[in-house]
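Structure first, then comments.
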Amino acid sequence: QVQLVESGGGLVQAGGSLRLSCAASGTISSINTMGWYRQTPGKQRELVASMTNVGSTNYADSVRGRFTISRDNAKKTVSLQMNSLQPEDTAVYYCNVRTLTIPNRNYWGQGTQVTVSS
């Protein structure tokens with residue numbers, strides 16, 4: 001019943017920008033963390049950026065200073081502004097939502113492709 005729908009992926013040249021958005025819908029309890037992960041073929045999924053319900057953020061070292069995460073708790077949306085994109089940023093990006101419940105619940109979007117050409 002809970003769905004996470006990503007949008008904003010696409011093809012961009014190195015140095016360009018993209019903005020990813022994710023909207024959560026359906027019945028969901030209080031949300032703790034909303035964030036973005038990415039994965040390339042043959043590699044494990046890695047955290048790109050996340051934000052807690054009180055506004056604290058985490059960024060991968062490789063994107064810090066270039067990417068900015070934001071969220072709207074009322075609308076249950078999270079966005080990722082990606083600037084100065086590089087070919088190594090090419091991956092499928094997944095929206096992730098983690099609840100405050102005990103035990104917590106984890107939800108994932110289906111992924112959106114980001115391709116950065118040189």
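The values are calculated or read from the model by the stated rules, or taken from the named source; none is laboratory data. Here the structure is a predicted model, which means the values were calculated and not measured. Don't worry about glycine lacking a Cβ; one is built from the backbone with ideal geometry, like all the others, and counts go over all protein chains shown. All accessible areas refer to the heavy atoms of the entire protein, side chains included, with ligands and DNA or RNA removed. Shrake-Rupley method; radii C 1.70, N 1.55, O 1.52, S 1.80 Å.
Results, tabulated for the structure shown:
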{"read-out": "Some residue of segment 10-33 being in a strand (DSSP E or B), on the phi > 0 side of the Ramachandran plot and surrounded by fewer than 18 Cβ atoms within 10 Å (Cβ to Cβ)", "value": "yes"}
{"read-out": "For D72: the one exception among (1) over 24 Å from G26 (Cβ atoms); (2) surrounded by fewer than 14 Cβ atoms within 10 Å (Cβ to Cβ)", "value": "(1)"}
{"read-out": "Residue in segment 36-50 that is nearest to the chain's Cα centre (by Cα), counting only those that are buried (at least 17 other Cβ atoms within 10 Å of the Cβ) and within 16 Å of Q113 (Cα to Cα)", "value": "W36"}
{"read-out": "Boolean, S21 is among the polar types (S, T, N, Q) and farther than 18 Å from Q110 by Cβ", "value": "no"}
{"read-out": "Per-region count, segment 97-110, residues open to solvent by 20 Å² or more (accessible area, probe 1.4 Å) and either not aromatic (F, W, Y) or not in a strand (DSSP E or B) (or both)", "value": "9"}
{"read-out": "Test: residue in segment 54-63 that is at pLDDT 95 or above, open to solvent by less than 50 Å² (accessible area, probe 1.4 Å) and among the polar types (S, T, N, Q)", "value": "no"}
{"read-out": "Subset of segment 9-32 that is polar (S, T, N, Q) and over 11 Å from the mean Cα position of the chain (by Cα) - its residue that is farthest from D72 (Cα to Cα)", "value": "Q13"}
{"read-out": "Which numbered condition S79 misses (of (1) of a type in the set (G, A, S); (2) in contact (Cβ under 8 Å) with a residue 24 or more places away in the chain; (3) assigned to a loop (DSSP other than H, G, I, E, B))", "value": "(3)"}
